[in-house]
Amino acid sequence: MIGLWDTREVWINGKSITPAGFVGDLKAAEREPGNNRDILQECHGVKSFRWGDTSQATYCLALAYCFYLKRSWVMDRFFTQELERMRQADVRLEYDEDELQAASEHCEDVFAREFEEYMGELGAER
């Protein structure tokens, strides 16, 4: 990912990404009614990507990262943390496949653990 702070221009895997373009790509990727509706709602109203903060735009950028790198949406946990830690300046982030795979497995494990805890609170049994 390359991000230019002054213009909020972002490239992911060499593709120029804008919030409007991301939402458009999500809509185009819908295969049946309701797909991506939650993500579209989360990104509604985001005018520019930001990083180095906890804004909705930074969360939207984390979701875009998942989408364009063809990763599970639970990976937003990884990318959101990475984006929040960055300085609000020009940035270049690079990951190799091994790093992404390890992060993906960790995020899936965290999600599974949280889901099981939540279901336990509701009294559900395995």
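Placing +1 at every Lys and Arg Cβ and -1 at every Asp and Glu Cβ, with all other atoms neutral, what dipole size does the chain have around its Cα centre, in debye to the nearest 20?
Around 640 debye, computed over the chain.
In nm, what is the difference between 0.36 nm times the number of residues separating Glu117 and Ala20 and their Cα-Cα distance?
Gain on extension, Glu117 to Ala20, equals 31.3 nm.
Give me the angle, in degrees from 0 to 90, between the Cα long axis of helix 19-28 and the longest principal axis of the Cα atoms of the chain, rounded to the nearest 10.
Roughly 50 degrees, rounded to the nearest 10.
Rolling a 1.4 angstrom probe over the protein heavy atoms, how many square angstrom per residue are accessible across segment 13-126?
So segment 13-126 comes to 65 Å² accessible per residue, rounded to a whole number.
Please compute the contact order of the chain in relative form: average sequence separation of alpha-carbon pairs under 8 Å and at least six residues apart, divided by the residue count, as a percent.
The normalised contact order for the chain reaches 25 percent.
Of the accessible area of segment 69-111, with the probe set at 1.4 angstrom, what percent is carbon plus sulfur?
That share works out to 45 percent.
Residue separation times 0.36 nm, minus the C-alpha to C-alpha distance between Val110 and Arg87: what's the value?
5.7 nm
Report, by chain and number, residues whose modeled amide H sits under 5 Å from the one on Ile17, excluding near sequence neighbours (fewer than 5 apart, same chain).
Placed amide hydrogens put Val10, Trp11, Ile12 under 5 Å from Ile17.
The values are calculated or read from the model by the stated rules, or taken from the named source; none is laboratory data. These numbers come from a predicted model, not from an experiment. Every residue, glycine among them, receives a Cβ derived from its backbone with ideal geometry; neighbour counts consider all protein chains shown. When the accessible area is computed, the model is the full protein with side chains, heavy atoms only, and any ligands, DNA or RNA have been set aside. Shrake-Rupley method; radii C 1.70, N 1.55, O 1.52, S 1.80 Å.
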